[in-house]
Structures are given as structure tokens and as C-alpha cells.
Amino acid sequence: MKLSGRVWKFGRDVDTDAIIPARYLNTSDPKELASHVMEDADKDFPKKVKAGDIIVALENFGCGSSREHAPIAIKAAGIQAVVAKSFARIFYRNAFNIGLPIFECIDACVDIKEGDEITLDVDTLNGAGQITNNTQNKTYTASAIPPFMQELIKAGGLVEYTKMKIGG
């Protein structure tokens with residue numbers, strides 16, 4: 001699976017309140033959540049983001065509370081993947097549970113700039129994704145994704161994976 005898109009760049013310690021502010025947690029409607037995604041980090045972001053875009057961030061993306069609303073808001077906004085130096089562990093698992101591809105790659109996150117066009121090749125050897133910065137003509141290798149997590153992404157998340165496994 002290859003994903004290509006334009007980059008939105010964020011810094012370190014982007015917490016779940018910046019991803020989807022707590023004042024919007026009275027809904028679980030993905031479209032409503034998407035209309036407020038990242039607005040506390042960039043108030044115009046929900047209007048600027050386009051389907052197929054990719055977020056690139058520094059360390060500890062998704063820190064803070066354990067809400068699943070954060071990766072749901074990102075995915076519902078049409079963002080097809082997140083690349084970061086590292087992820088908060090609960091966000092990491094929640095992202096896979098809802099089928100949002102995420103990749104850890106220190107060098108890529110330092111070099112990639114907002115507006116760059118990148119391609120993520122998810123199907124490389126041993127689950128390590130390849131990240132190509134098409135704008136800068138550079139290639140990076142992301143940390144390996146465990147096989148089970150790869151299956152979750154391919155299925156579209158834990159619910160879809162479970163349906164597939166039990167035949168429903």
C-alpha cells in the first residue's frame with residue numbers, strides 16, 4: 001500500500017487536546033470531530049486540510065488523555081497518515097485500533113517541511129515503511145510495524161479486523 005500527500009508539520013508534544021479540544025468531546029460523530037481537528041494548534045487547520053494530506057510531527061505526538069476521539073478526528077478529516085519521531089503509547093494503539101496508519105521515523109521528521117509532498121510505502125520488508133520526500137528527493141526507513149498492527153491497518157481498524165476474522 002502506498003500513500004502520497006501534502007505535509008502539515010507540527011512540533012513536539014502535540015497533545016490530544018490540541019488534536020481535538022475537550023470542548024468537542026460531547027460528540028462521537030466523526031464528521032463533527034473532523035471539523036475541529038487541530039484547531040487549537042492552528043485555528044484555520046480544519047479549513048485548510050484536504051483529503052489525502054499527511055501530518056508530520058516531532059516527539060510524543062498524541063500525548064495527554066487516552067481518548068480515541070483524537071485519531072478518529074484525524075482520520076475523519078481525510079488525513080491518511082501521521083509520521084512522527086515518536087507517539088504517546090495510548091495514541092499509538094488507538095490509531096491502529098481505528099485504522100489510522102502511523103509511522104515513527106526520526107530523520108524524516110527533522111528533514112520534512114510543511115508543504116512537501118511525501119509517499120509512504122507501507123509494504124516494505126519486515127513491516128518497516130519507506131518514506132520518500134518527493135519534494136527533496138530523499139528516502140527514509142520508518143520503524144517496523146508489528147505484523148498484527150499491519151493487519152489492523154489493512155482491515156481498516158480493530159472492528160473491521162474482528163468482523164473479518166469471525167466472518168461478519
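The values are calculated or read from the model by the stated rules, or taken from the named source; none is laboratory data. Just so we're clear, the structure is a prediction, and the values are computed from it rather than from any experiment. Neighbour counts are summed over all protein chains in view; Cβ atoms, including those assigned to glycine, are modelled from backbone coordinates with ideal geometry.
Observations on the structure shown:
- Residue among A108, A142, A70 that alone is outside any helix (DSSP H, G or I) and surrounded by 15 or more Cβ atoms within 10 Å (Cβ to Cβ): A142
- Only one of the numbered conditions (1) within 13 Å of the chain's Cα centre (by Cα); (2) surrounded by fewer than 24 Cβ atoms within 10 Å (Cβ to Cβ); (3) part of a loop (DSSP other than H, G, I, E, B) is violated by K50, and that is (1).
- Close Cβ contacts (under 9 Å, 6 or more residues apart or on different chains) running from residues in segment 1-30 that are without any contact (Cβ under 8 Å) to a residue 60 or more places away in the chain to residues that are part of a helix (DSSP H, G or I) and of a type in the set (D, E) comprise Y24/E32.
- Candidate set: segment 111-139, residues that are in a loop (DSSP other than H, G, I, E, B) and polar (S, T, N, Q); chosen: the one surrounded by the fewest Cβ atoms within 10 Å (Cβ to Cβ): N137
- Residue within segment 16-34 that is within 28 Å of T132 (Cβ to Cβ) and hydroxyl-bearing (S, T, Y) present: no
- For segment 92-111, the condition holds for no residue, the condition being that it is touching a residue at least 12 places away in the same chain (Cβ under 8 Å), in contact with a helix residue (DSSP H, G or I) (Cβ under 8 Å, 6 or more places away or on another chain) and farther than 26 Å from I19 by Cα.
- All positions within segment 10-28 that are at pLDDT 95 or above and exposed (fewer than 15 other Cβ atoms within 10 Å of the Cβ): G11, R12
- Filtered residues of segment 26-47 (kept if out of contact with any helix residue (DSSP H, G or I) (no Cβ under 6 Å at 6 or more places or on another chain) and assigned to a loop (DSSP other than H, G, I, E, B)): N26, T27, S28, D29, D42, K43, D44
- If only residues of segment 78-87 that are in contact (Cβ under 8 Å) with a residue 40 or more places away in the chain and outside any strand (DSSP E or B) are counted, the one that is farthest from E151 (Cα to Cα) is K85.
- Filter result for K75 (in a helix (DSSP H, G or I), out of contact with any strand residue (DSSP E or B) (no Cβ under 9 Å at 6 or more places or on another chain) and charged (D, E, K, R)): yes
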